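Working notes for the structure below.
Every read-out reported here was derived from the displayed coordinates using simple, explicitly stated rules and does not represent laboratory data. It should be emphasised that the depicted structure is a prediction, and the values quoted were computed from it without experimental measurement. As a convention, Cβ positions derive from the backbone with ideal geometry for all residues, glycine included, and neighbour counts pool all protein chains shown.
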Amino acid sequence: MMTTLLAFLTAPMSPAGWQRMLLLVPLCLSIAIVYKTLRCERLSEVPVASAILCVALVVGMYAVGVGVWLLFLILA
């Protein structure tokens with residue numbers, strides 16, 4: 001059990017193209033939870049507000065990525 005866990009933690013992951021895009025979601029969710037925990041006055045507002053912020057961050061980052069990709073295709 002311990003060797004399997006150590007092998008999992010020490011071996012680098014190599015996700016494919018679409019799997020890399022999914023790694024953005026936990027990052028944005030953790031940032032949104034911390035930010036909304038500091039900004040919301042009531043703790044009951046945090047889950048909904050952080051989910052909305054997470055979606056906004058992910059959509060915004062994908063939009064910027066598509067924009068930069070299109071700019072690259074136009075200029076290349």
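Just 15, 26, 47 to compare: in a GNM of the chain, with alpha carbon springs under 10 Å, which one fluctuates most?
Fluctuation is largest for 15.
Note the listed values (i) 60; (ii) 75; (iii) 64, then indicate which one is percent of Cα pairs over 18 Å apart calculated from this particular structure.
Computing percent of Cα pairs over 18 Å apart and matching it to (i) 60; (ii) 75; (iii) 64 gives (i).
List the residue ranges in the chain for DSSP H helices whose C-alpha atoms run 27 angstrom or more along the long axis and whose Kyte-Doolittle average is 0.5 or above.
On the way: long enough: 46-75 (43 Å, 2.47).
Within the chain the helices that satisfy the rule are 46-75.
Consider a paramagnetic label point 7 Å from the Cα of residue 64 along Cα→Cβ; state which residues of the range 8-40 have an amide N under 15 Å from it.
Under 15 Å, as judged by backbone N against the label point of residue 64, lie 24-25, 27-29, 31-32 of the range 8-40.
Which of the trypsin sites (Lys or Arg not before Pro) found in the range 21-53 are in a DSSP loop and have at most 15 neighbouring Cβ atoms, other than their own, within 10 Å? List each step's numbers first, then the result.
On the way: sites: 36, 39, 42; in loops: 42.
Here the sparse-neighbourhood loop sites are 42.
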